[in-house]
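Data block below; observations after.
Derivation of every value follows stated rules applied to the coordinates shown; laboratory data play no part. Note that the structure is predicted; figures quoted are calculated from it, not measured. Note: ideal-geometry Cβ built from the backbone for every residue, glycine included; neighbour counts use all protein chains shown.
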Amino acid sequence: MENHLPQRVRVERRAVTEQESRSANGPDWDRYADEYQATHGEFLGDTGFVWGPEGLTEAEAGVLGDVTDRDVLEVGSGAGQCSRWVRAQGGRGYGLDLSFRQLQHSRRIDLDTGVAVPSVLGTATALPFADASFDVVFSSFGALQFVRDIGEAVAETARVLRPGGRFAFSITHPTRWMFPDDPGEPGLVASQSYWDRTPYVEVDDETGRTSYVEHHRTLGDWVALLAGAGFVITDLLEPEWPEGHDRVWGGWSALRGRLTPGTAIFGARLG
Ligand SMILES: C[S@@+](CC[C@H](N)C(=O)[O-])C[C@H]1O[C@@H](n2cnc3c(N)ncnc32)[C@H](O)[C@@H]1O
């Protein structure tokens with residue numbers, strides 16, 4: 001959960017529709033994209049694949065398996081850094097993102113690096129691809145926590161995967177929802193129920209419009225969602241905060257990272 005915008009917002013916890021969630025988050029990422037890439041682009045690396053603020057790379061984690069000669073879709077691809085890494089490994093990486101501005105950054109880095117990631121504007125709940133088009137679908141802090149209709153997103157992933165295909169994604173570790181999203185001491189004190197799935201909503205004070213939404217599922221919810229869509233879970237990684245890593249990213253920090261997991265990475269195979 002993060003309030004990353006300079007605009008004045010009030011925070012609410014309430015139900016939202018998928019449409020409201022998407023209509024808030026697309027423009028939010030359009031507004032935030034330039035700052036996001038300026039702040040985090042170097043850490044991500046133009047052709048780098050990190051799973052989260054702890055800096056665990058896919059080369060270290062190996063959740064996707066060998067991507068050489070595989071058709072690989074990244075959902076919530078942002079500027080395509082991870083998919084560019086896939087391409088550098090000999091895979092056919094493709095991107096999909098809700099934010100046009102994020103995709104413009106992807107195109108900029110395509111031209112800078114000479115490693116192009118063909119990408120489309122779209123949403124995780126309606127993937128514009130034929131059935132059984134991909135060997136791997138992944139998302140590194142991409143769409144999944146921004147989607148209300150998560151059952152649709154997981155079903156769409158299963159639909160576009162070939163039999164035996166892999167699905168991997170990183171999200172804010174579900175236990176983090178118990179704490180204020182603060183990298184300092186206040187972020188160490190549990191104050192909210194782990195089981196409260198009510199979405200986190202930011203509303204623009206001036207316009208009254210919903211400007212940002214995030215959704216929470218427990219670890220058990222994720223197991224049920226994946227199993228219910230025909231996936232066999234192969235991995236649940238909870239990267240430890242590396243010694244000497246002093247980067248602060250939103251609510252992630254060394255102080256909190258030494259004590260509580262900040263990121264969960266699921267790996268699954270379509271049965
Ligand atoms: C935290 S960024 C992660 C992008 C990239 N993996 C990275 O590490 O920079 C989240 C991305 O998810 C995208 N996103 C949010 N909701 C989405 C949705 N419903 N469908 C597809 N992408 C979405 C945002 O536009 C944003 O680019």
Original post:
Picking from Ala153, Ala38, Ala24, which is most flexible by a Gaussian network model of the chain using Cα springs under 10 Å?
Top reply: Ala38
Subject >> In Å, descending, principal axis extents of the Cα set of the chain >> reply: 46, 42, 39
Subject >> Histogram of C-alpha separations across region 81-144, 5 Å bin width, % >> reply: 4, 16, 28, 28, 18, 6, 1
Original post:
Ranked highest first by the average count of other Cβ atoms within 10 Å around their residues, in what order do 198-208, 127-137, 258-268, 10-20 fall?
Top reply: 258-268, 127-137, 198-208, 10-20
**OP:** Using the number of other C-beta atoms within 10 angstrom as an exposure proxy, rank His105, His173 with the fewest first.
**Re:** His173, His105
Original post:
In region 57-181, what % of DSSP beta bridges are antiparallel (nearest 5)?
Top reply: 5 percent
Original post:
What ranking of Ser191, Ser139 emerges when the number of other C-beta atoms within 10 Å of each C-beta is taken as an exposure proxy, fewest first?
Top reply: Ser191, Ser139
**OP:** Report, in degrees rounded to the nearest 10, the 0 to 90 angle that the Cα long axis of helix 219-228 makes with the longest principal axis of the chain.
**Re:** 30 degrees
**OP:** Report, to the nearest 10°, how far helix 100-113 tilts away from the longest principal axis of the Cα atoms in the chain, using its own Cα long axis and a range of 0 to 90°.
**Re:** 50 degrees
Subject >> Rg to Rh quotient for region 121-271, alpha carbon positions, Kirkwood Rh >> reply: 1.00
Subject >> Calculated from backbone phi, Karplus (6.51, -1.76, 1.60) coupling profile of region 61-71 in Hz, x at Gly/Pro >> reply: 7, x, 6, 7, x, 6, 9, 4, 6, 9, 8
Subject >> Within the chain, percent of DSSP bridges classed antiparallel, to nearest 5 >> reply: 60 percent
